[in-house]
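**Q** Quick one: structure below, then a few questions.
Please treat every number below as a calculation from the coordinates, not as lab data. Note that the structure is a prediction, hence the values are computed from the model and not measured. Cβ placement follows ideal geometry from the backbone for every residue including glycine, while neighbour counts extend to all protein chains displayed.
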Amino acid sequence: MTETAARFLARDRLEDLVHALARPGGVEVREVIAPTVEDGAIVHAPIESAAELPRGVRDVQAPGVYRLEETEDELVFAYAVGPHAWKRRLFPPQRTRLTFAGDDGRGAFDAADDASPSRNGDQVVFLGVRACELAAITVQDIVFACGPYTDVSYASARGKAFIAAVQCTHPASTCFCTSMGTGPAVTSGHDLALTEIEDGFVVVAGSNEGVELLESLGLPLADEDRRSSAQAAVRGAADHIERNNVGVDGSLARRLDRFPEHDRWDEVATRCLACTNCTMVCPTCFCSRDIHTSVLGQGEAGAERQWDSCFTVQFGEVAGGNFRRRLRDRYRHWITHKFSTWWQQFDASGCVGCGRCIAWCPVGIDVREEIRAVTEGEHGEDPREGDPFQAREGAQVRAETVGAGDTPGDGVPEPPPVMATVTSARWETADTVTLTIATPPGLDVRPGQFVMATLPGIGAPPISVSRISGAHFEITVRSVGQATAALCALAPGDRLGISGGYGRGWPVDEAEGCDVIVVGGGIGLAPLRPVLDWVLEHRDLHSGVYVYTGARTPDDMIFAAEMADLELRKDVTALRTVDRAGPDWLGPVGVVTQLLDPDAWAGESAVAFVCGPERMMSATLDALLDAGIASDRIWLTTERHMECGVGLCGHCQLGPFFVCKDGPVFDAAQLGPYLGIEGI
Amino acid sequence: MSDSPPRVGVVKFASCDGCQLTLLDLEDHLLEIAKSFDIVEFAEASSRRSPGPYDILFVEGSISTQEQANEILELRTQTAVLVTIGACATAGGVQALRNWADHDEFRSAVYARPEYVDSLATSTPIADHVTVDAELRGCPIDGGQLLELLSAVVAGRRPQIREEAVCLSCKRRGTVCIMAASGAACLGPVTSGGCGAICPAMGRGCYGCFGPVLDANTESLTAWLRASGRSDGEIGRLFAGFTAYAEPFRSVVTRSRAIASEEDPRARE
Ligand SMILES: Cc1cc2nc3c(=O)[nH]c(=O)nc-3n(C[C@H](O)[C@H](O)[C@H](O)COP(=O)(O)OP(=O)(O)OC[C@H]3O[C@@H](n4cnc5c(N)ncnc54)[C@H](O)[C@@H]3O)c2cc1C
Ligand code: SF4
Ligand code: SF4
Ligand code: SF4
Ligand code: FES
């Protein structure tokens, strides 16, 4: 990029700028989205003329309060951020994610990934983007567009946006960008950046496109006085925030995940309404859900992707439970995610300090106060004592910003499900079916991975692969609700959509030359079966093989015949137990941990694979650790609510992990600390 | 259900017919509905009367007379899936406000010959009398939700009706929050969504038509409203709408009335 010097745009030439933004090269191609006053707030809307910008308007913001005041002056950017974040344009509140066309026998899914930030689908200008908002866009770039899977709709919208940023000169009391290292100065990621001064604007370009635009306006260079008053205005904003506002100690906030049992979570839960407003207004919150639906007479409609929030009750729900049923768990998750676990996930802060969640919380809950209350006394002192505004270690949003105009997207596009045909369906128990499916071309599944088994108009539950053999793979499904019941009802010849294989699988090669211990409970045996297949196929590569499985009753045992065969093998120790015996059951009764026989294993050199209900995994883990097996040789797979399966919807979070992409297989060193925390 | 289209009935008790009309408002889909369902009983649309049994019975209105209380028991025995529609059927409706009043006084004030009026002392939701299989909330119900329910029945799936606050719809449509931006009182954060957040979009606070959302934290909202200068009388009236009789709104109304009347006996009127 050619460097350009700062130019001066006189106030009465603002219209020329808006005109040039909309029509670079003289043809109208771009919609200009800009701040404008609507319903008592400054929102983002398409504008035709500079006259629609908020002139002489100031905002007053406080916890739970946002008000506009009018002044006599001519300033058009003299306020802080309003309720709309730019994510509305890049990650729209609702968009079609999948379409389904064709009748029963031959219908197929297609990805509908061309959501556009503008009405006409073309290029768009974001005018008035603040430093914290640019940081937030960068954060969402990391979430959506930097892999392993990319939200193509986001990436394409992002590539269409020209960013005309504005330096903050009038921060609100809710702003704390200085704590988060994101503002108030715009330093990168912009095409243009404007600083408002008394008689106009000092404008600099940040990209080649910005340079061209500036040149087309033929603006004079900004003189020394104007340049320094522009600098002073931004410095003044920073000073104002530092002196007058409540800040956050970024490095302390980063440690929020260490206080899962703090009393404050109970206290804040008495005030929080779980209304989701904080997450909806937050410019970095990215959670969504997919609604698979059908309309009477119109058949299957594909899926709509809609903003969701970790404050809703359903967010963490799975068959038979809810990982964050209590409001304290949900509040804790929100703030811990923003300030703490986000770092582990994305090497960035999830909060950019814009203050929206503070002003737009209907009961004025202030994240800064909550962080302070939880981390207070961490050093035996008030973290804000001494010099409150010393440089806050580690509070910088990841520095490599994705350049404006570039299309970020190192990842693989999130694929639509491909249709596959069921070749056989076998009832395992009264409520569980194993489906054999012809592997569709291009689908690659490994042991421990899962697929999203998608039924048009019904749903796309994550289901582990329970066998991989040649041109087929199997899934074993327990009917617990709508989608799983419909899967269980499939017959040979029926079709379903498959996407995957997703997630990290079992590291089967790590067990080579070692004792292998497999512990499965209930349906948890399904993802373990490919491990067994592999180990038995390469039996000579392993020393002892120990298989311990449990079910509620003998009738609930899946793969019963295969397991009975296993028991007869001389080169395998296989034991089964049930919680409750029936008349024909002669085997052990009790929990699966009773079967374990540590004396038989070669202690330290054994490798264990475990899947089952979380409580069973926890007890098994203790027993395996007691037997001297190192935690990084114990592999567990766990369940969470999943909407996307590829790290985009946010639903499957478990502490710092996305179960879908960081797991579902974890080693015990990673997962162990989280197994015991309630509601995480 | 057998292969012939499900037999559907629509009946009403104490209510205004608004919810039944929502069905007739589904103009673009009526043909399809008529094809997919055998509507054997529909007070509003035809004079045809047909006895049960019903595969699906939509019930509008609350129970406010002894006769109605008996009738709903009888209807339940003839019905496979009973769906209550609207705030009256699901929460007792606005007429449930009389549950806080002196019933006899109320009756003689309204009717010339109160002894002929056989109304119960309370207006209660259907679920207080019989088991309900599904409910569509709202005053009136939302056409989209009704269509989703009908589509789900035909597709043999569960209707996608989410338990989440009005605020989500409000934010998704981009409405400026009126609580924060103007200090207006709004029941959105404690009310179940489904209406599409129409009132805040018109600059008015949510009236709570869809009733309390799961885990509604009315304690916190009322504390905030009180701290922002509203009297208990005002707060009580805010919750005393279409779904006043549904907990925890009911407790707010009861408590606010008690406090308000302690402070000023006339405040009850
Ligand atoms: C990685 C992984 C692998 C799995 N493997 C298997 C398997 O091999 N066999 C098997 O039978 N089950 C498996 N499950 C569980 C299965 O995904 C859920 O039982 C299924 O999603 C429930 O969907 P449903 O429509 O039948 O239930 P619903 O009717 O939707 O509701 C039942 C309950 O399940 C919850 N739920 C809905 N959607 C999801 C979702 N996408 N993820 C989790 N919970 C959800 C609901 O909130 C509700 O509480 C796995 C889950 C995960 C995360
Ligand atoms: S957490 Fe709050 S302050 Fe931080 S970016 Fe989100 S809305 Fe802004
Ligand atoms: S999980 Fe994180 S990103 Fe998602 S809504 Fe909650 S705080 Fe926001
Ligand atoms: S913190 Fe405030 S905005 Fe967020 S869910 Fe709770 S009450 Fe709503
Ligand atoms: S992020 Fe969507 S399922 Fe993991």
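**Q** How far apart, in nm, are two points set 7 Å out from the Cα along the Cα-to-Cβ line at A:Val480 and at B:Ala121?
**A** 4.7 nm
**Q** How far apart, in nm, are two points set 7 Å out from the Cα along the Cα-to-Cβ line at A:Asp626 and at A:Glu224?
**A** 8.0 nm
**Q** While we're looking at this one, here's another question. Out of every Cα-Cα pair in the protein assembly as shown, what percent are more than 51 Å apart? Kindly include the intermediate steps, with their values, before the conclusion.
**A** Working: 123102 of 449826 pairs.
That fraction is 27 percent.
**Q** List the aspartates and glutamates whose alpha-carbon lies under 12 Å from that of B:Lys12, not counting same-chain residues fewer than 8 positions away?
**A** Cα-Cα hits under 12 Å: B:Glu41, B:Glu44, B:Glu60, B:Glu71.
**Q** Please list, ordered by chain and number, the residues whose modelled amide H lies under 5 Å from the amide H of A:Val547; skip anything fewer than 5 residues away on the same chain.
**A** Excluding prolines and chain starts, which carry no amide H, the hits are A:Val518, A:Thr573, A:Ala574, A:Leu575.
**Q** Which FRET efficiency value, to the nearest 0.05, do you get for B:Leu24 and A:Asp555 by plugging their Cβ-Cβ distance into 1/(1 + (r/R0)^6) with R0 = 51 Å? Please report the intermediate quantities before stating the final value.
**A** Numbers: r = 50 Å, r/R0 = 0.98.
With R0 = 51 Å, the Cβ-Cβ based efficiency is 0.55.
**Q** Which percent of Cα pairs goes in each bin when the distances of region A:7-244 are cut into 5 angstrom slices starting at zero?
**A** Histogram of Cα-Cα distances, whole percents per bin: 1, 6, 13, 17, 19, 16, 12, 7, 4, 2, 2, 1, 1, 0, 0.
**Q** Which semi-axis lengths, in whole Å and largest first, follow from the square roots of five times the eigenvalues of the Cα gyration tensor of chain B?
**A** Each semi-axis is the square root of five times an eigenvalue, giving 33, 25, 14 Å.
**Q** In square nanometres, what is the average projected area of the Cα convex hull of region B:166-268? Write out the running numbers ahead of the final one.
**A** On the way: hull surface 24.5 nm².
Its Cα hull, projected and averaged over all orientations, spans 6.1 nm².
**Q** With only alpha-carbon pairs counted, each pair once and no self-pairs, how large is the Kirkwood hydrodynamic radius of region A:508-637 in angstroms?
**A** Working: mean 1/r = 0.0688 Å⁻¹.
After inverting the mean inverse Cα-Cα distance, the result is 14.5 Å.
**Q** Evaluate E = 1/(1 + (r/R0)^6) for A:Arg326 and A:Arg11, where r is the Cβ-Cβ distance and R0 equals 56 Å; express this FRET efficiency to the nearest 0.05. Each step should come with its number before you reach the end.
**A** Numbers: r = 54 Å, r/R0 = 0.96.
Computed FRET efficiency for A:Arg326 and A:Arg11: 0.55.
**Q** Also, I was wondering about something else. Around B:Pro248, under 12 Å between beta carbons, what's the net of Lys plus Arg minus Asp minus Glu among the other residues? Numbers along the way, then the final one.
**A** Working: positive: B:Arg250, B:Arg255; negative: B:Asp215, B:Glu219, B:Glu247.
Spelling it out: positives minus negatives among the neighbours equals -1.
**Q** Which FRET efficiency value, to the nearest 0.05, is calculated for A:Val412 and A:Glu512 with the Förster distance at 35 angstrom and r the Cβ-Cβ distance?
**A** Values: r = 30 Å, r/R0 = 0.85.
Taking R0 as 35 Å, the efficiency between A:Val412 and A:Glu512 is 0.75.
**Q** For each of A:Ile163, B:Ile33, count neighbouring Cβ atoms within 10 Å of the residue's Cβ, then give the residues from fewest to most. Write out the running numbers ahead of the final one.
**A** Working: A:Ile163 26, B:Ile33 20.
Ascending number of Cβ neighbours within 10 Å: B:Ile33, A:Ile163.
**Q** Let me ask something else. Within 10 Å of each Cβ in A:359-370, how many Cβ atoms from other chains are there, averaged over the peptide? Working shown, then result.
**A** Working: counts 3, 7, 5, 15, 10, 5, 2, 0, 0, 0, 0, 0.
Mean partner-chain Cβ count within 10 Å for A:359-370: 4.
**Q** So for A:Met180, B:Met179, B:Met202, A:Met616, fewest C-beta neighbours within 10 Å to most, what's the order? Display every interim value, and only then the final one.
**A** Values: A:Met180 25, B:Met179 30, B:Met202 9, A:Met616 20.
Arranged by neighbour count, lowest to highest, A:Met180, B:Met179, B:Met202, A:Met616 become B:Met202, A:Met616, A:Met180, B:Met179.
**Q** Just to confirm my numbers, what's the Cα centroid distance between region A:187-225 and region A:250-311 in Å?
**A** Value for the Cα centre distance between the two parts: 38 Å.
**Q** While we're here: Using a 10 Å cut-off on Cβ to Cβ distances, tally the other chain neighbours for every residue of A:293-306 and report the average as a whole number. Write out the running numbers ahead of the final one.
**A** Values: counts 7, 7, 8, 16, 11, 3, 2, 1, 1, 0, 0, 1, 0, 3.
Going residue by residue through A:293-306 and averaging, the value is 4.
**Q** Would you mind giving the mean number of other chain beta-carbons within 10 Å of the Cβ of each residue in B:157-167, as a whole number?
**A** If you average over the peptide's residues, the count of other-chain Cβ atoms is 6.
**Q** Right, next: Cut-off is 10 Å between beta-carbons; in what order do A:Tyr502, A:Tyr674 appear when sorted fewest neighbours first? Display every interim value, and only then the final one.
**A** Numbers: A:Tyr502 22, A:Tyr674 17.
Going from least to most buried by this count: A:Tyr674, A:Tyr502.
**Q** So, in Å, what gap is there between the alpha-carbon centers of region A:627-680 and region B:141-216?
**A** That distance is 34 Å.
**Q** Using Cα atoms only, what is the angle between the long axis of helix B:66-77 and the major principal axis of chain B, expressed in degrees (0 to 90) to the nearest 10?
**A** With rounding to tens, the tilt is 50 degrees.
**Q** To continue, here is another question. Using 7 Å Cα-to-Cβ label points, what is the B:Arg173/A:Arg235 separation (nm, one decimal)?
**A** 4.8 nm
**Q** Treat every Asp and Glu Cβ in chain A as -1 and every Lys and Arg Cβ as +1, leave all other atoms uncharged, and give the resulting dipole magnitude about the Cα centre to the nearest 20 debye. It would help to have the intermediate numbers written out before the result.
**A** Details: 59 positive and 96 negative charges, 192 e Å.
Result for chain A is approximately 920 debye, rounded to the nearest 20.
**Q** On to the next question. Average the reciprocal distances over every distinct pair of alpha-carbons in region A:417-502, invert the result, and give the Kirkwood radius in Å.
**A** Working: mean 1/r = 0.0807 Å⁻¹.
The Cα-based Kirkwood calculation yields 12.4 Å.
**Q** Just the ratio, please: alpha-carbon radius of gyration of region A:426-465 over 2.2 N^0.38 Å, N its number of residues. Show your work: numbers first, answer last.
**A** On the way: Rg = 11.6 Å, N = 40, 2.2 N^0.38 = 8.9 Å.
Against the empirical 2.2 N^0.38 Å value, I get 1.30 for region A:426-465.
**Q** Can you report the principal axis dimensions of region A:142-232 using only the alpha carbons, biggest first, rounded to whole angstrom?
**A** On the principal axes, region A:142-232 reaches 49, 38, 15 Å in Cα extent.
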